[in-house]
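I have placed the structure first, in the form of structure tokens, so that the comments after it can refer back to it.
The values are calculated or read from the model by the stated rules, or taken from the named source; none is laboratory data. Just so it is clear, the model here is predicted, and its values are computed rather than measured. Neighbour counts run over all protein chains shown; Cβ positions are idealised from the backbone, glycine included. Accessible surface is based on the protein model in full, side chains and every heavy atom, while ligands, DNA and RNA are left aside. Shrake-Rupley method; radii C 1.70, N 1.55, O 1.52, S 1.80 Å.
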Amino acid sequence: MNKSDFSQRLLTWFDAYGRKDLPWQQNPTLYRVWVSEIMLQQTQVATVIPYYQRFIERFPSLPALAHASVDEILGLWAGLGYYARARRLHQAARIAWETHGGELPATLEALMELPGIGRSTGGAILALALGQRYPILDGNVKRVLTRQEAIEHWPGQPKVEKQLWQRAATLLPRTRLADYTQAIMDLGATVCTRHRPHCPSCPVKKTCQAHLQENPEAYPRSRPRKRLPLRATCMLILLNDQGEVLLERRPPVGIWGGLWSFPECPPQTEAALWCQEQFGWPIGEVQHWPPLRHHFTHFTLDIQPVIARIRGEARQVMEPNSQVWYKMEPMYKRGLPAPTLRLLKRLREPSKGE
Ligand code: SF4
């Protein structure tokens with residue numbers, strides 16, 4: 001991608017289609033742009049506009065914000081969400097008031113020392129308010145650049161992010177930094193959208209590798225999924241002569257804490273022998289069902305269900321507080337983990353439990 005070609009095309013597009021009448025673009029002081037950039041983090045422009053207008057009307061300057069109460073700030077922020085942003089805005093205003101003479105500092109290093117201002121937000125504030133030559137790399141810009149270069153790795157990886165910062169810096173034009181910054185943000189927000197980007201009307205489609213591959217939505221690549229550890233267990237579905245199933249209350253901590261499930265034994269155990277040893281009941285027919293896989297956030301559990309029918313009478317349980325003979329009709333679902341319920345359904349109606 002040719003650097004001057006890219007920025008020039010973007011600026012020409014911005015002149016024709018870019019947003020130039022946003023409230024923070026009128027009289028773009030450091031303070032006004034900063035408030036807008038913080039509000040725009042995680043929130044769309046159309047939502048931000050009325051909040052921004054009310055906020056600036058009430059706090060027209062940094063000293064006004066620094067001397068306001070947190071409650072009043074949060075009151076004006078109510079409905080915009082992510083309230084930590086409002087608290088950090090207030091903290092930053094106080095720090096700037098105390099250490100920078102009541103104004104925001106005009107260097108990236110000093111801005112980045114304030115709460116809530118990272119490299120991209122700081123660069124955007126300086127470029128948009130003062131036309132300083134700093135790149136930005138918010139989510140929209142990352143999307144445009146990863147598609148332009150068809151970057152095959154997840155952009156959250158430090159080395160990919162470093163590469164993107166370098167690219168973003170290289171592409172900066174020599175003049176019109178404020179317009180260029182607004183242009184690349186607008187392009188990401190309105191043309192190079194996450195889903196169904198409008199490539200035919202994109203000013204930089206000629207250099208876009210993802211577009212040339214006819215697969216823009218494949219970029220940016222997703223975060224690689226971690227392979228979760230795999231655990232295995234054997235669930236014993238013990239049936240008595242009444243057709244009831246033995247359930248045990250699980251310990252209060254750990255997976256399915258306090259819920260009712262089948263007794264479990266280590267996989268590869270001789271189920272009939274284990275039952276006899278644990279419960280003292282003689283076991284008749286034993287049947288192995290197809291395994292079941294259950295996903296937790298931190299691991300995957302492979303369950304081997306084993307049906308074992310008790311020979312003779314078995315109505316008593318050894319620990320009435322934590323064991324119960326569960327009747328299949330009617331089926332009470334409360335307090336049963338999903339795999340237990342699934343296995344019970346399979347037991348009751350073999351065709352529906354799958
Ligand atoms: S051509 Fe399409 S994918 Fe490429 S930058 Fe433009 S809008 Fe995004």
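Have a look at ARG221, ARG250 and point out the one that is within 30 Å of GLY280 (Cα to Cα) and in contact with a Phe, Trp or Tyr (Cβ under 9 Å, 6 or more places away or on another chain). If you could, list the steps in order and put the result at the bottom.
Details: ARG221 fails: within 30 Å of GLY280 (Cα to Cα).
None of the other options fit; the residue is ARG250.
Open to solvent by 40 Å² or more (accessible area, probe 1.4 Å) and either in contact (Cβ under 8 Å) with a residue 24 or more places away in the chain or within 16 Å of the ligand (Cβ to nearest atom) (or both): does that describe LEU246?
Against the criterion (open to solvent by 40 Å² or more (accessible area, probe 1.4 Å) and either in contact (Cβ under 8 Å) with a residue 24 or more places away in the chain or within 16 Å of the ligand (Cβ to nearest atom) (or both)), LEU246 does not qualify.
Of all residues in the stretch 157-206, which are among the hydroxyl-bearing types (Ser, Thr, Tyr) and under 26 Å from ARG223 (Cβ atoms)?
So the first thing to find is which residues in the stretch 157-206 are among the hydroxyl-bearing types (Ser, Thr, Tyr), and the list is 170, 175, 180-181, 190, 193, 201.
Listed by number, the residues that qualify are THR170, THR190, THR193.
Output the residue which, of all residues in the stretch 158-176 that are aliphatic (A, V, I, L, M) and in contact (Cβ under 8 Å) with a residue 60 or more places away in the chain, is nearest to the ligand (Cβ to nearest atom).
LEU171
Does at least one position in the stretch 191-201 carry a residue that is in a helix (DSSP H, G or I), touching a Pro at 6+ places or on another chain (Cβ under 7 Å) and within 27 Å of TRP34 (Cα to Cα)?
yes
Among what's in the stretch 156-178 and is of a type in the set (S, T, N, Q) and assigned to a loop (DSSP other than H, G, I, E, B), pick the residue that is most open to solvent (accessible area, probe 1.4 Å).
THR175
Considering only residues that are open to solvent by 80 Å² or more (accessible area, probe 1.4 Å) and under 30 Å from PRO267 (Cα atoms), look in the stretch 219-239 and name the one that is nearest to the ligand (Cβ to nearest atom).
ARG225
How about the stretch 202-218: which of its residues are in a helix (DSSP H, G or I), open to solvent by 20 Å² or more (accessible area, probe 1.4 Å) and either within 15 Å of SER7 (Cβ to Cβ) or within 6 Å of the ligand (Cβ to nearest atom) (or both)?
LYS205, LYS206, THR207, HIS211, PRO216, listed by residue number.
Is it true that GLN268 is within 22 Å of ARG231 (Cβ to Cβ) and surrounded by 12 or more Cβ atoms within 10 Å (Cβ to Cβ)?
No: the conditions fail for GLN268.
Can you report the number of residues in the stretch 144-157 which are out of contact with any Ser or Thr (no Cβ under 8 Å at 6 or more places or on another chain) and near the ligand (Cβ under 9 Å from one of its atoms)?
3
Tell me which strands (runs of 3 or more DSSP E) are completely within the stretch 225-299 and hold 1 or more residues being closer than 25 Å to ASN321 by Cβ, or say none if there are none.
Details: elements: 230-239, 245-249, 283-288, 292-295.
In the stretch 225-299, the matching strands (runs of 3 or more DSSP E) lie at 230-239, 245-249, 283-288.
Does the stretch 221-232 contain any residue that is farther than 30 Å from GLN25 by Cα, within 25 Å of the chain's Cα centre (by Cα) and of a type in the set (S, T, N, Q)? Steps first, please.
Let us first name the residues in the stretch 221-232 that are farther than 30 Å from GLN25 by Cα, namely 221-232.
Now restrict to residues that are within 25 Å of the chain's Cα centre (by Cα): 221-230.
With the extra rule that they be of a type in the set (S, T, N, Q), the set shrinks to 222.
Scanning the stretch 221-232 turns up at least one residue that is farther than 30 Å from GLN25 by Cα, within 25 Å of the chain's Cα centre (by Cα) and of a type in the set (S, T, N, Q).
Within the set of pairs 6 or more residues apart or between chains, which connect a residue that is farther than 12 Å from ALA271 by Cβ inside the stretch 284-306 to a residue that is among the hydroxyl-bearing types (Ser, Thr, Tyr) with Cβ atoms less than 8 Å apart?
ARG293/THR300; HIS294/THR300; LEU301/THR233; ASP302/THR233; ILE303/THR233
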